[in-house]
Amino acid sequence: MIEGFKKFIARGNMIDMAVGVVMGGAVTTVVNSIVNNVINPFIAMIFGKPNMDGLLAIAFNNATVSFGAVLGAILNFLIIAAAVYFCILVPINKFRDVTEALLAKTKLAEERSKAEEEAAKEPEISTEEQTILLLQQIRDELARQNARNTQNVPNDSDTVAGAVAVR
């Protein structure tokens, strides 16, 4: 049972998840700093309150419904999502695209070098041998054409028999 637990912890997915949690905490700290030090002062300038918690709040029978707090949470979410997308996902996707392009170029270069090696291994045909091969192809084509022509043209005996029958 302990071996299974060790394998579970050592898996790449578990390590990736741990890195994600640590990075999420770091991003959350940065986003909270942006919200507290940049966005909330702008809200205070516009609405006269330092944050959105008390904004659009309705109090009734010692219960408070704060739409401003919900808007603040939505704003925090959007900032976190934008930070993760533009600071993490876009660079990683760009890096992945560049890596795939480099791998494709490397693979293409390897295929070309293999093709060149194979071409170098095949013996060169001399001009005399090329001429002989060409003449053989011409001979074969002429023989095929002659065979077709003899099938379409009637024999002389057929012509003589036809002439005798006409008289």
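The values are calculated or read from the model by the stated rules, or taken from the named source; none is laboratory data. Remember, predicted model here, so these are calculated numbers, not experimental data. Heads up, the Cβs are rebuilt from the backbone with ideal geometry, glycines too, and the neighbour counts pull from every protein chain shown. Each accessible area value is taken on the protein alone, full model and side chains, heavy atoms only, with ligands, DNA and RNA left out. Shrake-Rupley method; radii C 1.70, N 1.55, O 1.52, S 1.80 Å.
Among the residues of the stretch 75-106, none is identified as under 15 Å from residue 32 (Cβ atoms) and at pLDDT 85 or above. For the structure I just gave you, tell me whether residue 144 is part of a helix (DSSP H, G or I), modelled with pLDDT of 90 or more and under 49 Å from the mean Cα position of the chain (by Cα). Judged against the criteria, residue 144 is not a match. Scan the stretch 1-51 for residues that are under 19 Å from residue 78 (Cβ atoms) and among the β-branched types (Val, Ile, Thr) and report the count. Residues flagged as under 19 Å from residue 78 (Cβ atoms) and among the β-branched types (Val, Ile, Thr) within the stretch 1-51 amount to 11.
So which helices (runs of 4 or more DSSP H) are wholly in the stretch 1-85 and hold at least 3 residues that are open to solvent by less than 50 Å² (accessible area, probe 1.4 Å)?
Numbers: elements: 2-10, 12-34, 40-47, 67-84.
Ranges flagged: 12-34, 40-47, 67-84.
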